[in-house]
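Notes for the one structure printed next.
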Amino acid sequence: MRATMLLSPVIPKLSGKLIVLASGSPRRLEILRNVGIRFEVVPSWFKETLNKGLFKAPHEYAVETAKQKALEVARRMPLKHLKTPDMVIGADTIVTIDGMILEKPIDKQDAYRMLSRLSGKEHSVFTGVAIVICHEKENGVDYQMIDFFEETKVKFAHLSEDMLWEYINSGEPMDKAGGYGIQALGGMLVEYVHGDFFNVMGFPLNHFCKQISLIYNHRTTSSNQDSASVGLSHNSPHNTSILTQPPPNLTAQSSQSPTSSPIHNSSPSPIQIHHTQDGPSSSPVHKVKRKGSEGTADESSWKLPDSLFTHTAAECERQDSENTTLPQTTSREQAIELSVAEHEASEPNKEDLEKITELVDGFKASKALFTASRLHVFDLLQSRPGLDATQVAQEIEASVKGTERLLEACVSLGLLKSKERTSQKTVYENTRLAAWFLWSDAPFSLHEYIQHCNNTLWPLFSHLESAVREGTNQHEKAFGKKSKDIFQDAYFSSKEVKLRFMNAMHSIAKVTGKAVATAFDLSSYKTACDLGGCTGAMAYEFTTAHPGLSVTVFDLPAVVEMSEHFHPLHTDNRVSFVAGDFFKDELPKADLYILARILHDWPDEKVHVLLSKIADACKPGCAVLIAETMLDGQTPYSAPQSVNMHAQTEGMKRRESQYADMLSKHGFGCMRVVHTLNFLDVFIANKM
Ligand SMILES: O=c1[nH]cc([C@@H]2O[C@H](COP(=O)(O)OP(=O)(O)OP(=O)(O)O)[C@@H](O)[C@H]2O)c(=O)[nH]1
């Protein structure tokens, strides 16, 4: 909110410009998007290989890396994209502890080393930010740079070995500086944060807003001068340095240095680098002292341990001049390069083999799970744990030989546990995973959704090649029925298929509903309408989470008619059902419209029809909430899900930016997104 206020005077100026975020970090994208800035994302190709040993203080390393990331994109864009951006933003986040710089872990062991170092102690997180302003001139492009950094102190609780490994095995640490994500599971490890929380996440929003304000406010008041350079240089206490390239001894490997890039050489204009590091550092907002802005960094306290960073400037220069390939003693980043080179030269490692096998054989695991679920193996072992294969075979009416194989497959997939009763007899029971998710009445039962995967998605996927070649869904090939609107003429064509589909949606809504309902503070909304809300399972999660909220489920008459089978939802008098077609009929009035796993079923034209109807029904301040996996969210399954939508519907998975664009066309703004741990990303926007 504060950032929007600070930015609002300059947003009209930014809005006509091509602003580029030179970062592949989803967190940076989210932080900037949430304040309403419109920008394109062009991740930088700059490899983070600067020699840390050559920087007096860690933040200088982060700032220099941010600069190189931004410059690489600023230089590449005019050549590759044939357009010159107006502004390129780059950033680099590092963690420092005991004089050491920690970046993203290269593997689980590395994450373990980082997190155990952070356990029970305070550390600093620095994000360096670079803003490159590009000016097209007749003979090329001029670049001007503003850079700054922000420090936030974070203290970790003492972490037990079990906690550490549980966290590492969640996969979260791998793409995050210091090996943790404060915005997600990693937040549970943190005792306190002093300073800007967003800085820890990867982007110091407040400091950035102040810099932007300074640049553009100054420009408005300096109309008779070259606005760009004046605006920048007046902020800068150290604005005289003019460099055409980074100092040669900063880059660890000459082949990766931006100075050797042909792109750089083709730019005839010098790059003016204006440092504005201490512009807004007197802000009362940040209690944390920013080292370095005033040139006061205590060199000795930041001296990096020799064992990690052994390059001297002379060594680097020698490497440059001799054009050697890789140094003998390397920093961690250099070690990554080394290991990549090693892999290319020799053989794949165990992890590579595991990954590729998992992908190739993944369908076998899915089908074993589907089959065990369909044969009610998990139901049986939930009520009668400790049966052997012969007993299970008898109960599920299957062969002993086949049942043995299936049970063993489930054991190896972590769905069942086996115990040897005697040397002859092995008995089985459900694991925790099966107890939570797989038997029919489990608290978060996915049983019905698994049946939907087996009965509907599996046959559709077997025609994926045709779906890709033809660009249409595959209902006709898989089920002998043409379907334009899968809901009207495929899923709801017979009572049995309809119930199966509703059961599937019901089970997935029960698993994901709470996380969706609690993603945002919705206390200001009194009425909601869950469009396509099916059995009301999601609506029920919303009324449970928000005592002041009533929800109308709006769905096709065929669905509403059957929804009463799904108790106890009908006992909650704050959930009501209205029958209708959201493309054709008038929508019930509400303050909040919920679209959970709906828009991905439809092509853009239909989404616009629906959003326009919602926009017409919304007063200013009312909101639309979209819950689905987005392509830039955190689940690795969103892109495969997009393939699924293609084989199944005319719809698709989309990026957050695509929804933002669509919503803004219908008068929505103030967009925010939360990535839940429960498959779904939740996006909210208000009618302006
Ligand atoms: O608590 C958190 N701390 C850090 C992060 C994320 O960590 C990475 C830091 O890496 P880097 O600055 O090198 O940025 P990249 O992800 O490699 O993207 P670029 O393309 O910009 O180089 C950053 O993504 C932080 O967001 C976090 O999420 N939580």
| task | Could I have the simple spin-label model distance between Asp661 and Trp458, label points 7 Å from Cα toward Cβ, reported in nm to one decimal? | result | 3.8 nm
| request: Quickly work out the Ala639-to-Asn349 label distance, labels modelled 7 Å from Cα along the C-beta direction, and quote it in nm with one decimal. | output: 2.2 nm
| field | Compactness relative to 2.2 N^0.38 Å, alpha carbon Rg of the stretch 511-687 | value | 0.96
| field | Gain in span if fully extended, Lys367 to Glu586, counting 0.36 nm per residue against the direct Cα distance | value | 74.6 nm
| message | For a quick size check, give me the Cα extents of the stretch 92-152 along its three principal axes, largest first, whole Å. | response | 56, 24, 14
| message | Taking 0.36 nm per residue of sequence separation and subtracting the Cα-Cα distance, how much length would be gained by fully extending the chain between Ser493 and Asn34, in nm to one decimal? | response | 161.0 nm
| Can you give the alpha-carbon Rg of the stretch 58-139 over 2.2 N^0.38 Å, where N counts its residues? | 1.46
| note | Compactness summary of the stretch 28-79: radius of gyration and Dmax from Cα atoms, Å, are 13.5, 39
| request: Enter the Cα centre distance for the pair the stretch 359-404 and the stretch 619-688, rounded to the nearest angstrom. | output: 37 Å
| request: Return the distance in nm (one decimal) between the two label points of a simple spin-label model at Ser466 and Lys425, each offset 7 Å from Cα along Cα→Cβ. | output: 5.0 nm
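Counting residues in the stretch 423-512 as N, plug N into 2.2 N^0.38 Å and put the Cα Rg over that result.
Working: Rg = 16.9 Å, N = 90, 2.2 N^0.38 = 12.2 Å.
Rounded to two decimals, the normalised Rg is 1.39.
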| task | Take the alpha-carbon centre of the stretch 536-594, take the same for the stretch 96-133, and report the distance between them in whole Å. | result | 47 Å
| field | For the stretch 351-445, convex hull volume per residue from C-alpha positions, Å³ | value | 112 Å³
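Grab the beta carbon distance between Ser116 and Ser412, set R0 = 25 Å, and tell me the FRET efficiency rounded to 0.05.
0.20
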| query | Which residues in the stretch 459-475 place their backbone N less than 19 Å from a point set 7 Å from the Cα of Asp604 along the Cα-to-Cβ direction? | reply | 471-473
| task | Kindly state, to the nearest 0.05, the FRET efficiency for Thr84 paired with Lys153, given R0 = 41 Å and r defined as their beta-carbon distance. | result | 0.55
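We did not get these values from a lab; they are worked out from the coordinates using the rules stated. Quick caveat: nothing in here was measured; it's all calculated off a predicted structure. Virtual Cβ from ideal backbone geometry, glycine too; neighbours counted across all protein chains shown.
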